[in-house]
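**Q** There's a structure below that I have some questions on.
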Amino acid sequence: MTERIEVRDAEVVFSRRGVPPTTALSGLSLDVEAGGFVSVVGPSGCGKTTLLRAIGGLQGLTGGEIRVGGDTVAGPRRTTAFMFQQPTLLPWMNIADNCLAPARIHRTLTPEYRSRVTSLLERVGLADFHDKYPNELSGGMQQRAAIVRALGQDPELLLLDEPFGALDAMTREQMNFDLNAIWNRAKVTTLLITHSIPEAVLLGQRVVVMSSRPGRIVDDIEIPFGPMRDAETMGDPRFSQIVAHVRGYFVKSQNVSAERSLAHVRD
Amino acid sequence: MSATEKIEVRAPQVDRAPAQRGPSKVGAGLRGRGLAVGAVMVFIVAWEMVPRLLDVQSFIFPRLSEVIAKLTDATTVTLLYQHAQVTLYEALVGLVIGIVAGVGLGFALAEWEPARAAVYPFIVAFQSMPKVALAPLFIIWFGFGYTPKVLVVVMLVFFPMLVNTMNGILSTDKSRLDLFRSMSASKWQIWSRLLLPSALPSIFAGLEVSVVNSFIGAITGEFVGADAGLGVLLQQFKNNYDTAGVFAILVILAFIGVALNQIVRIARRRLVFWQ
Ligand SMILES: Nc1ncnc2c1ncn2[C@@H]1O[C@H](COP(=O)(O)OP(=O)(O)OP(=O)(O)O)[C@@H](O)[C@H]1O
Ligand SMILES: [Mg+2]
């Protein structure tokens with residue numbers, strides 16, 4: 001069972017004594033249907049990570065409500081898998097153990113889990129590295145191992161925070177298609193944060209555009225392609241139209257901080 | 001004789017090394033070892049020859065052969081052995097107590113913020129105080145036996161262990177904590193699978209300091225007041241102008257220090273293999 005996400009007027013204000021409070025999210029509402037794939041783009045520091053952490057139960061709200069699968073999010077859920085901006089592998093475990101760690105933590109390590117991880121490692125080209133330690137892998141390989149760890153959990157909700165940012169263009173494209181294939185098979189509800197507009201359009205059924213801080217949703221674009229995406233998708237004339245349309249939000253913005261973050265947003 | 005022994009001892013390492021590290025590093029390692037062996041030989045020759053050439057009197061600076069004579073003389077060896085046992089006992093008991101207490105309290109303070117806030121000023125005050133200065137006080141309170149020396153050792157071991165354990169845990173990577181929270185890990189799982197391994201490098205850094213400190217503590221405690229131990233023997237030798245005997249003790253202390261340091265380093269390499 002995959003789960004739908006409902007975000008209602010979510011507000012996150014970071015306040016510490018002695019410093020003026022930071023409003024990271026304010027009045028943000030977003031729905032993702034069960035099994036949907038939504039990409040989120042927005043300038044750096046607009047609250048994308050905060051939104052993802054709030055949906056994953058790692059960040060409490062100061063206002064509003066988030067429901068996943070109909071239940072209000074009160075904390076981390078076992079059925080949610082995260083992928084962070086950094087690979088976040090544990091250096092004292094080899095790659096296989098890193099990928100099996102969630103099952104060991106949940107005490108649900110089954111032969112099926114093992115074989116799922118093994119085949120995922122094969123798929124991302126890490127089969128020969130299962131007994132290597134993270135510091136023996138390149139940054140891109142570490143990121144792929146982190147993807148395996150997330151997908152190995154067979155989650156009902158997949159939260160991806162710029163998962164491919166550290167990859168070279170070639171590997172990144174390959175990982176994009178892999179992710180699309182995996183999503184097509186598992187149809188797990190997926191939220192993808194990315195700084196790459198083409199990646200957002202290539203993978204998402206919808207692309208959500210956020211404003212600079214405090215993050216609000218300024219556009220929510222239905223992507224007119226079917227669930228299967230490939231190199232031809234990017235050749236479609238509508239693809240570049242949508243990319244140009246989304247890019248327009250960042251070029252038009254008068255906000256200085258948004259201007260500064262253009263470097264991130266342009267691919 | 002000794003040359004053939006050396007070759008026998010080294011041969012397996014040379015065989016094993018290329019598979020792990022690649023050939024260039026092996027060459028560099030051998031060269032480094034060659035330099036070290038050379039330096040030791042120069043040191044040995046100099047220790048024997050320089051006092052002889054400068055005609056320094058034996059009670060000022062004994063020649064190496066005189067020190068070796070001490071270290072092979074049966075009565076002196078018995079004496080050294082008995083007193084070394086006492087010092088070793090004080091240092092090791094203090095070391096174990098200090099490590100257990102320091103690591104334990106380090107964990108507790110890292111976990112519990114209010115306690116950390118309350119205790120921190122005291123830790124800073126103690127850290128900046130020369131703790132061996134407590135030795136006379138401990139002698140007044142506990143007499144001339146083992147207890148005051150063990151306590152001095154504990155003081156010298158406890159604080160580096162406490163501070164390093166606490167800092168190691170507190171500097172755990174925040175994104176890894178996020179990862180564990182996202183997997184709904186229990187508190188115990190977070191402690192045993194994340195915080196402890198994260199703190200290990202820092203704990204071992206504390207351990208290396210502590211091992212050295214433990215002998216400083218034991219010897220100082222014995223200087224202040226004791227009836228047995230290498231510190232006592234050292235002072236007796238000094239009072240008799242038996243400088244070769246003093247050097248013999250220094251050599252033994254150096255050997256014990258190197259041995260303990262090696263144990264810690266081997267343990268570190270095994271337990272913190274990823275660094
Ligand atoms: N723990 C925190 N305490 C205080 N402020 C925070 C905290 N976490 C995030 N912020 C602030 O909230 C805002 C949004 O941060 P967030 O990490 O969500 O941005 P982002 O959109 O993910 O940026 P990027 O694209 O660079 O990753 C930022 O201004 C940041 O400074
Ligand atoms: Mg972010």
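The values are calculated or read from the model by the stated rules, or taken from the named source; none is laboratory data. Bear in mind that the values here come from a model prediction, so they are computed numbers and not experimental data. With ideal geometry, Cβ positions are generated from the backbone for all residues, glycine too; neighbour counts draw on all protein chains shown. Heads up: the accessible areas ignore ligands, DNA and RNA and are worked out on the full protein's heavy atoms, side chains in. Shrake-Rupley method; radii C 1.70, N 1.55, O 1.52, S 1.80 Å.
**Q** Looking at B:Leu207, B:Leu194, which is the one that is under 30 Å from A:Glu156 (Cβ atoms) and surrounded by 18 or more Cβ atoms within 10 Å (Cβ to Cβ)? Walk me through how you get there before you give the answer.
**A** On the way: B:Leu207 fails: under 30 Å from A:Glu156 (Cβ atoms).
One residue alone meets the criteria, B:Leu194.
**Q** When you look at A:Gly125, is it more than 14 Å from chain B (Cβ to nearest Cβ), within 21 Å of A:Ile182 (Cβ to Cβ) and either within 16 Å of ligand 2 (Cβ to nearest atom) or assigned to a loop (DSSP other than H, G, I, E, B) (or both), yes or no?
**A** On the way: more than 14 Å from chain B (Cβ to nearest Cβ): yes; within 21 Å of A:Ile182 (Cβ to Cβ): yes; either within 16 Å of ligand 2 (Cβ to nearest atom) or assigned to a loop (DSSP other than H, G, I, E, B) (or both): yes.
Considered against the rule, which asks whether it is more than 14 Å from chain B (Cβ to nearest Cβ), within 21 Å of A:Ile182 (Cβ to Cβ) and either within 16 Å of ligand 2 (Cβ to nearest atom) or assigned to a loop (DSSP other than H, G, I, E, B) (or both), A:Gly125 comes out as yes.
**Q** Being within 16 Å of ligand 1 (Cβ to nearest atom), at positive phi and open to solvent by 20 Å² or more (accessible area, probe 1.4 Å) narrows it down to one of A:Gly60, A:Gly125, A:Gly70, A:Gly45, so name that one. Give the steps one after another, and end with the answer.
**A** Numbers: A:Gly60 fails: at positive phi; A:Gly125 fails: within 16 Å of ligand 1 (Cβ to nearest atom); A:Gly70 fails: within 16 Å of ligand 1 (Cβ to nearest atom).
Of the residues listed, the single one that is within 16 Å of ligand 1 (Cβ to nearest atom), at positive phi and open to solvent by 20 Å² or more (accessible area, probe 1.4 Å) is A:Gly45.
**Q** For region B:109-138: of the residues being among the aromatic types (Phe, Trp, Tyr) and touching a residue at least 12 places away in the same chain (Cβ under 8 Å), which is farthest from B:Gly221 (Cα to Cα)? Write out each step before concluding.
**A** Here is the first cut: in region B:109-138, the residues among the aromatic types (Phe, Trp, Tyr) are B:112, B:120, B:122, B:126, B:138.
Next, only the ones that are touching a residue at least 12 places away in the same chain (Cβ under 8 Å) stay: B:126, B:138.
Working: B:Phe126: 18, B:Phe138: 9 Å.
Among them, the one singled out is B:Phe126.
**Q** Could I ask something else about it? So if I check each of B:Arg193, B:Arg265, which one is in contact (Cβ under 8 Å) with a residue 12 or more places away in the chain, away from chain A (no Cβ under 14 Å) and among the basic types (Lys, Arg)?
**A** On the way: B:Arg193 fails: away from chain A (no Cβ under 14 Å).
Testing whether each residue is in contact (Cβ under 8 Å) with a residue 12 or more places away in the chain, away from chain A (no Cβ under 14 Å) and among the basic types (Lys, Arg) leaves just B:Arg265.
**Q** Exactly one of these conditions fails for A:Gln153: (1) of a type outside the set (Asp, Glu); (2) farther than 19 Å from A:Gly36 by Cα; (3) modelled with pLDDT of 85 or more. Give me its number.
**A** (2) is the only condition that A:Gln153 fails.
**Q** Out of (1) within 16 Å of ligand 1 (Cβ to nearest atom); (2) facing another protein chain (nearest Cβ under 10 Å), the odd one out for A:Pro20 is which?
**A** (2)
**Q** Moving to a separate point now. Can you name the residue in region A:34-55 that is away from ligand 2 (no atom under 12 Å from the Cβ) and not in a loop (DSSP other than H, G, I, E, B) and, of all such residues, is farthest from A:Lys187 (Cα to Cα)? First the steps, then the outcome.
**A** Let us first name the residues in region A:34-55 that are away from ligand 2 (no atom under 12 Å from the Cβ), namely A:34-39, A:54-55.
From what's left, not in a loop (DSSP other than H, G, I, E, B): A:37-39, A:54-55.
Working: A:Phe37: 9, A:Val38: 12, A:Ser39: 15, A:Ala54: 22, A:Ile55: 18 Å.
Ranking the qualifying residues of region A:34-55, first place goes to A:Ala54.
A quick yes/no check of all residues on (1) more than 16 Å from ligand 2 (Cβ to nearest atom); (2) within 13 Å of chain B (Cβ to nearest Cβ); (3) charged (D, E, K, R):
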position	(1), (2), (3)
A:Gly57	yes, yes, no
A:Val73	yes, yes, no
A:Met83	no, yes, no
A:Ser115	yes, no, no
A:Lys132	yes, yes, yes
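**Q** Still on this structure, I have one more. How many residues are open to solvent by less than 30 Å² (accessible area, probe 1.4 Å) and either within 26 Å of A:Arg77 (Cα to Cα) or in a helix (DSSP H, G or I) (or both) if we restrict to region A:128-161?
**A** So the count comes out to 17.
**Q** Return the residue satisfying two criteria in turn: it lies in region A:215-225 and is open to solvent by 40 Å² or more (accessible area, probe 1.4 Å) and of a type outside the set (Lys, Arg), and of such residues it is nearest to ligand 2 (Cβ to nearest atom). I'd like the intermediate steps shown before the answer.
**A** The initial filter retains those residues of region A:215-225 that are open to solvent by 40 Å² or more (accessible area, probe 1.4 Å), namely A:216-218, A:220, A:222, A:224.
So of that shortlist, the ones also of a type outside the set (Lys, Arg) come out as A:217-218, A:220, A:222, A:224.
Numbers: A:Ile217: 16, A:Val218: 18, A:Asp220: 20, A:Glu222: 25, A:Pro224: 28 Å.
Taking the candidates together, the pick is A:Ile217.
**Q** Could we say that A:Ala263 is at pLDDT below 85, surrounded by fewer than 17 Cβ atoms within 10 Å (Cβ to Cβ) and part of a helix (DSSP H, G or I) here?
**A** Working: at pLDDT below 85: yes; surrounded by fewer than 17 Cβ atoms within 10 Å (Cβ to Cβ): yes; part of a helix (DSSP H, G or I): yes.
Answer is yes for this residue.
**Q** Follow-up. Filter region A:82-96 down to the residues that are open to solvent by 40 Å² or more (accessible area, probe 1.4 Å) and at pLDDT 95 or above and list them by number.
**A** Let us first name the residues in region A:82-96 that are open to solvent by 40 Å² or more (accessible area, probe 1.4 Å), namely A:85-86.
Listed by number, the list is empty, since nothing qualifies.
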